[in-house]
Amino acid sequence: MTNGYLPALLAYAAFSFADASVKALGEHLSIFEIGFFLNLFAGLILVMIPHPDERWHDFWRMERPFAVQGRAICGVAASLLGIYAFTSVPLTDAYALIFLAPLFVTILSVLVLKEKVGIWRWLGVVLGFAGVLLVVKPGFRDLQWGHLSAAGAGLSTGTAVIVLRMVGAHAKRSSILGTLFLYLICTNGAILLYRGMQQPRALELAVLAFAGLCFGLGQRDFILATRYGTANQIAPMHYSQLVWAVLFSALIFNEYPDPLGVIGLFCVASAGVIPLIREQILKTSSGRIHESAGRSRSLPGDCRRGEM
C-alpha cells in the first residue's frame, strides 16, 4: 500500500454505516444503551487487531497521561452528543454541524497552539459556516436540541484533535484508543446501571453488533490510512461521509435535503478541501522552484566541464 486514499475512504464509509445504524436504533433504545453496545462491540473488534510494536494489555502505560485522559473525555462528549444528534435530527443536518470540527480546529489552533493561519484557511472557515447556515436554516425553521448536540459534537471533536496535536508522538495509538474505549464503555455502562436499560430485541442487538463492527473496522482502516498516507490524502476523504449521509437519508429514512441544503453541503465540503488543494499546489510549486534552482546552480559547472 503506497498511500492513504483507499483506507481513508473505507474508514469513513464504515463510520457512515455505523452512524446510519445508530439513527435507525434511536426510536427504541436510549443513547446510552446505543453507546454502550456500539463501543463494546467496536472495542472487541479493535482488541483482535494487532498493532506493530504495541500491545493492548499495556495500553495504560503512557508518557502524557493527562493529555490522553483529556482526549478521551472529549471523545466521550463527542460520542454522546453525536449519537443524540443522529437519533433526533436528519442525517444531513447532523453531519453538516459535526463537520464544523475542522473549522473549530482552525480557530483553536490559533487560540491554543498559537499557530499562524493563512487567508485561505480563514476563507474556508467562513465558507463552512455559510454552508451550515444553508443546511440548518436558523430563523426559517425551528432548531432542535439535536442541532445543538451536533455542533457540540463538532466542537468536542475539534478539541480532541488539538489535544492530540499537543500530545504529538508521545502517546501510543493503543493508549489513545484503549483509553477512549474504556471511558466510553464505562461511562455509558455506569449511566445504564443508574437509569436502567431496555432489553434489546434480537434484531436490535444484531444492528448494534453491525454498527460496532463498522465502527471498529473504521478505526482499523483509519489507523492504516494514517500509517501509509498523509493528512492531505486523508482529510478530503472525510467529506465522502456527506455523500453517504444524503444516500442514507433518502434511501432509508425518507429525508431529502432541499436545493439550498445541497448547496450548503457542497460549501461545507469545499471549506475543507479547497485549503488542502491550495497547500498541495504550493508544495508542488515550491518543489519545482527548488528543483529548477538546483539545475541552474549545476549549469556553470557543466559548462566548464564542456569547455575543458
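Annotation note: of Leu155, Leu148, the sole residue that is assigned to a helix (DSSP H, G or I) and free of Cβ contacts under 8 Å to residues at least 12 places away in the same chain is Leu148.
Rundown of residues vs (1) surrounded by 22 or more Cβ atoms within 10 Å (Cβ to Cβ); (2) farther than 27 Å from Ala67 by Cα, yes/no style:
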{"residue": "Arg173", "(1), (2)": "no, no"}
{"residue": "Leu180", "(1), (2)": "yes, no"}
{"residue": "Ile191", "(1), (2)": "no, no"}
{"residue": "Arg201", "(1), (2)": "no, yes"}
{"residue": "Ala206", "(1), (2)": "no, yes"}
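Scan the stretch 111-125 and give yes if some residue there is under 17 Å from the mean Cα position of the chain (by Cα), assigned to a loop (DSSP other than H, G, I, E, B) and under 22 Å from Ala235 (Cβ atoms), otherwise no. No, the conditions are met nowhere in the stretch 111-125. One residue stands out among those in the stretch 52-84 that are in a loop (DSSP other than H, G, I, E, B) and at pLDDT below 70: the one that is surrounded by the most Cβ atoms within 10 Å (Cβ to Cβ), which is Phe59. Checking each residue of the stretch 9-29 against the condition of being surrounded by fewer than 22 Cβ atoms within 10 Å (Cβ to Cβ) and among the charged types (D, E, K, R) gives at least one match. Taken as a whole, the condition of being in contact with a Leu (Cβ under 7 Å, 6 or more places away or on another chain), surrounded by fewer than 18 Cβ atoms within 10 Å (Cβ to Cβ) and within 25 Å of Leu113 (Cβ to Cβ) does not apply to Arg227. The requirement of being of a type outside the set (A, V, I, L, M) and closer than 19 Å to Phe15 by Cα is fulfilled somewhere in the stretch 199-208, by at least one residue. Scanning the stretch 166-195 for residues that are modelled with pLDDT under 90, small (Gly, Ala, Ser) and part of a helix (DSSP H, G or I) turns up Gly168, Ala169, Ser174, Ser175, Gly178. The residues listed here are Ile252, Ile277; of these, the one that is surrounded by fewer than 16 Cβ atoms within 10 Å (Cβ to Cβ) and either at pLDDT below 70 or more than 27 Å from Gly118 (Cα to Cα) (or both) is Ile252.
If you check Gly75, Gly131, Gly154 for being over 19 Å from Val268 (Cβ atoms) and not aliphatic (A, V, I, L, M), only one passes: Gly75. Screening Met237 against (1) at pLDDT below 85; (2) under 20 Å from Ala72 (Cβ atoms) leaves a single unmet condition, (2).
Name the single residue, out of those in the stretch 260-276 being of a type in the set (A, V, I, L, M) and over 19 Å from the mean Cα position of the chain (by Cα), that is nearest to Val246 (Cα to Cα).
To start, the set of residues in the stretch 260-276 that are of a type in the set (A, V, I, L, M) comprises 260, 262-263, 265, 268-269, 271, 273-274, 276.
Retained after the next criterion (residues that are over 19 Å from the mean Cα position of the chain (by Cα)): 260, 262-263.
Values: Leu260: 13, Val262: 9, Ile263: 12 Å.
Only one residue tops the list, namely Val262.
Rundown of residues vs (1) charged (D, E, K, R); (2) touching a residue at least 24 places away in the same chain (Cβ under 8 Å), yes/no style:
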site: Met62; (1), (2): no, yes
site: Pro65; (1), (2): no, no
site: Ile73; (1), (2): no, yes
site: Ala78; (1), (2): no, yes
site: Asp93; (1), (2): yes, yes
site: Val105; (1), (2): no, yes
site: Val110; (1), (2): no, no
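Taking the criterion of being among the polar types (S, T, N, Q) and either modelled with pLDDT of 95 or more or under 18 Å from Asp19 (Cα atoms) (or both), the residues of the stretch 135-162 that qualify are Ser149, Ser156, Thr157.
Have a look at Val132, Val126 and point out the one that is surrounded by 15 or more Cβ atoms within 10 Å (Cβ to Cβ) and either under 27 Å from Pro90 (Cα atoms) or in contact (Cβ under 8 Å) with a residue 60 or more places away in the chain (or both).
Values: Val126 fails: surrounded by 15 or more Cβ atoms within 10 Å (Cβ to Cβ).
Criteria check complete, one pass: Val132.
The values are calculated or read from the model by the stated rules, or taken from the named source; none is laboratory data. Every value quoted in this text rests on a predicted model; they were computed, and no experiment measured them. Cβ atoms come from the backbone with ideal geometry, glycine included; neighbour counts cover every protein chain shown.
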